[in-house]
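The values are calculated or read from the model by the stated rules, or taken from the named source; none is laboratory data. None of the values given here were measured: they were computed from a predicted structure. Note that each Cβ is placed from the backbone with ideal geometry, even for glycine, and that neighbours are counted across all protein chains shown. Please note that ligands, DNA and RNA were not included when accessible areas were found on the heavy atoms of the full protein model with its side chains. Shrake-Rupley method; radii C 1.70, N 1.55, O 1.52, S 1.80 Å.
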Amino acid sequence: MSHDKIEQVLIGIPASPGICHGPAVLFSEGHLNLPCYSISPENIKNEERRLDSALVATRKEILEIRKKVSSTLGEGEALIFDAHLMVLEDNALIKEVFQCLSDEEKNIEYCFNQVVERYINFFKDLEDEYLRERVSDIKDVSKRVLNNLLGHNTYDHLENDSKRIIVSDDISPSHAMSLNRDSLLGFLTDSGGATSHFVIMSRSMKIPAVVGLHDATSKIKNNDYVLIDGYEGKIIINPTTETLSSYDEQALKKRAIELTYQKELFEKCETLDGHSIELMANIEGSGDIQSYKESNAKGIGLFRTEGVFLRNNHIPSEEEQFEEYVSVVKYADDEPVVIRTLDVGGDKLMQGEQDDSFLGLRAIRYCLENLTVFKTQLRAILRASAFGNVRLMYPMISGLEELEKANIILDEVKESLKNEKIAFDESIEVGAMIELPSAVSIIDLIAPKVDFLSVGTNDLIQYLMAVDRMNDRVSHLYQPMHPAVLRSLKSIFEGGANCNKSVSVCGEMAGEPLYAALLIGLGARNLSLSMSRIPEVKHYIRLMKHSELVHLASECVLLENAEKIEKKFKEYLDSIVSNSMN
Ligand code: PEP
Ligand code: MG
């Protein structure tokens, strides 16, 4: 809060609802906007000193993390940081940077980066695998040094801080996962879309977020007081006392509404005309089980197992995975737990993996190329299936070949468990996520081969519309109510019904009352959503009539654009709310 600074408003994409305010802390993990400017000869010594202090600060940082990792994960995991320290102490590199500084007379960030880039290019083309792998060490350390030169913080420091709003160019799911929830007030990012994985996580953590702000990292300085309106996708830098109190009032009103939703949580989830809808929970790991019980969800419709892999930055052993899965399964009693096999790639990169394309080696493709990882996970899931009602689900199935290959591996794993006399549910149900346009086109071929289907609308929209779900510049084209999405959904529900296979929806669409209304109208009876969204969605379902939704959806299938479809559903939602007040 400030009296002498000017209030400034930035508009982005509303990502996670909620209002909060507090001091900002700047982070950078993605692309750094490095300044480049000339230095006069008399300032060269000063630039050298700046680098020296950045190196000292970076060394201190790495030693702190090393200590923490060694005490929590063990000395073996901490060894990587010795390699990082060696990069930092490379005299030849520092000498080259100083040489560049005196030759080019440019600022030290620029010179440091020039030399580091040369090193990276040299190492990355080497035959020797060990030396090639040094590239990620050099990248990691040099980013820390540059962050220190630029006065940015790194994530590792946050845990010691009081509650802050994180401002970053981007946030990866693995970093979001490693943050201490107690120190977070909100997230702001320059890039990203409403279904980026870190956004999905902030929604489930109930942390307000606005993404796609383009230049938040250049407009906001460390310790600036910032207000986030996650409902409207608006942020205010240096809000006045009046602005703050008006938002605090709004937050109180929203809180009161949310409390009314909470009161219905243990009521039946049924439309006014008696059509019941199952609401299940999306979870990331065993850390979510407490919220699961509080949400009164009817089972877990999507267990994103990547969390288990990304949190600790290594591929977990069968035992580690089993412990995690079985604790969830036991907690769920006999409710179903849909465990999705590893969906890494895209924005969820494991250490050492470089392919961040959503069209690349992601999800089931990665698993079919990394059979040891896949088999270990299948063993852990199957073993957990002996303790409850587990269902197994493959992500990103593009066609029958992949499904068949995955099932062959599954059969092999089942066979070896049987030989080892290890218990598992022999009739475990196996399902496929429908999130690729190719899978939609051949839904009549896929549906008979699985026990259930689950629609991943986040990816389905991304791939159908060719809109990268992370890219804020095309986010206006990410339209859940586009006629192409509607028609695809319609054919998936019909394809499932024709074979008597259940079709649930586990993408973010299920967590928005407006979209949930459309999904139910098109045939959904089961929605799996972020637990924080369950109370509101349930409240709206209890005000709707199934027959009206079916009618509305059938009318909308004939409409030519998302705007018209959205308008119809908005009018419907407004009408049911006003009816409920009369
Ligand atoms: C989806 O794509 O809709 C989905 C549920 O999976 P994820 O968001 O993890 O890709
Ligand atoms: Mg997906």
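Data table
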read-out	value
Heavy-atom surface of the range 299-431, accessible at 1.4 Å and reported per residue (Å²)	39 Å²
All Cα pairs of the range 364-425, percent lying beyond 13 Å	62 percent
Range in the chain, longest, excluding exposed chymotrypsin sites (Phe, Trp or Tyr not before Pro) [loop by DSSP; at most 13 other beta-carbon atoms within 10 Å]	267-582
Three principal axis lengths of the chain [C-alpha, angstrom, descending]	80, 68, 42
Of all accessible heavy-atom area on the chain, the percent that carbon and sulfur account for (1.4 Å)	51 percent
Extent along principal axes [Cα atoms of the range 288-347; Å; largest to smallest]	32, 26, 17
Cα gyration tensor shape of the range 299-431, rounded if a/c is under 1.5, else prolate or oblate by comparing a/b with b/c	prolate
For the chain, calculated [θ]222 nm from helices alone, where every DSSP H run of n ≥ 4 adds -39500 (n - 2.57)	-15500 deg cm²/dmol
Distance between modelled label sites at Ser416 and Asp215, nm, 7 Å Cα→Cβ extension	5.6 nm
Share, in percent, of DSSP beta bridges within the chain that are antiparallel, nearest 5	30 percent
Partners for Lys414 among lysines (Cα-Cα distance below 23 Å; same-chain residues under 8 apart left out)	Lys330, Lys375, Lys405, Lys449
Over the chain, relative contact order from alpha-carbon pairs under 8 Å, at least 6 apart, %	15 percent
Size of charge dipole - the chain - debye, nearest 20, with Cβ of Lys, Arg +1 and Asp, Glu -1, no other charges	1240 debye
Longest DSSP-loop-exposure-free segment, GluC sites (Glu not before Pro), the chain, at most 11 other Cβ within 10 Å	268-419
Cα extents of the range 41-150 along the three principal axes, largest first (Å)	48, 33, 19
Share, in percent, of DSSP beta bridges within the range 299-431 that are antiparallel, nearest 5	10 percent
